[in-house]
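Peer 1: Below: one structure in structure tokens.
All of the numbers you see were taken from the coordinates with simple rules; none came from a lab. Not measured: the values here are computed from a predicted model. Methodologically, a virtual Cβ is constructed for each residue, glycine included, from the backbone with ideal geometry; neighbour enumeration extends over all protein chains shown.
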Amino acid sequence: MSPESRGGTPRPAGPNHLWAVSFSALAVFLASWAMCWIQAYAVNDDLPNTCDDVRRQVFPTEVACAAADGTVTGAAPGWLVVLFFASLVVTVLTGTMALAVTAAVRGR
């Protein structure tokens, strides 16, 4: 009996496409995290020296300056924050689904 069949019936293929989506979303997540970090600590490195009200955020990394009139400078763009969290969610969901499908396929 070949390892591709069990009990005379062929084994279904694994979740290769789910793994591909999961790793692609992970790459997007890491790239967006790196862009947030670069903007916070490389582009806006002198912001704490020139601002009275510095706002720091850890996840995703952000250093921003809030002015008295309500304007904020140095903050990460909204699309980057959305991309950061959306890719994190997609990574977790597709990774979990791929693990579940792999466990189901190996259990047959």
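Peer 1: Determine, from the Cβ-Cβ distance of A100 and S24 and an R0 of 30 Å, the FRET efficiency 1/(1 + (r/R0)^6), rounded to the nearest 0.05.
Peer 2: Result of the calculation: an efficiency of 0.95.
Peer 1: Let's see if you can work this out: charge +1 on each Lys and Arg Cβ, -1 on each Asp and Glu Cβ, no other charges. What is the dipole magnitude of the chain about its Cα centre, in debye to the nearest 20?
Peer 2: 1000
Peer 1: Right, here's the next one. Based on DSSP H runs of at least 4 residues, each adding -39500 (n - 2.57), what is the mean residue ellipticity at 222 nm of the chain after dividing by all its residues, to the nearest 500 deg cm²/dmol?
Peer 2: So the helix-based figure for the chain works out to -18000 deg cm²/dmol.
Peer 1: If you don't mind, another one. Quick one: which residues, 5 or more positions from E62 or on another chain, have an amide H under 5 Å from its amide H? H modelled 1.01 Å from N in the peptide plane, none for Pro or chain starts.
Peer 2: When sequence neighbours closer than 5 places are left aside, the close amide H contacts are Q57.
Peer 1: From Cα pairs below 8 angstrom and at least 6 apart in sequence, can you work out the relative contact order of the stretch 17-107, rounded to a whole percent?
Peer 2: With pairs under 8 Å counted, the relative contact order is 37 percent.
Peer 1: If you don't mind, there's one more thing I want to ask. Give the cysteines in the chain for which no other Cys Cβ lies under 4.7 Å away, or write none if there are none.
Peer 2: Within the chain, the cysteines lacking a partner Cβ under 4.7 Å are C36.
Peer 1: For A67, what is the net charge nearby, where nearby means another residue's Cβ is under 13 Å from its Cβ and Lys, Arg count +1, Asp, Glu -1?
Peer 2: With Lys, Arg at +1 and Asp, Glu at -1, the net is -2.
Peer 1: Enumerate the calculated ³J(HN,Hα) couplings along the stretch 21-38 in order (Karplus 6.51 cos²θ - 1.76 cosθ + 1.60, θ = phi - 60°), each rounded to whole Hz, writing x wherever the residue is Gly or Pro.
Peer 2: With coefficients 6.51, -1.76 and 1.60, one gets 5, 5, 6, 5, 5, 5, 5, 5, 4, 5, 5, 5, 5, 5, 5, 5, 5, 4 Hz.
Peer 1: Taking the simple approach of a point 7 Å from Cα along Cα-to-Cβ for both D52 and V72, what is their distance in nm?
Peer 2: In this crude spin-label approximation the distance works out to 2.0 nm.
Peer 1: Could I ask something else about it? Based on the Cβ-Cβ distance of A86 and A34, what FRET efficiency does E = 1/(1 + (r/R0)^6) give at R0 = 25 Å, to the nearest 0.05?
Peer 2: In this case the efficiency is close to 0.95.
Peer 1: Then there's this: Give me Rg over Rh for the stretch 17-107, both radii from the alpha carbons and Rh done the Kirkwood way, two decimal places.
Peer 2: 1.20
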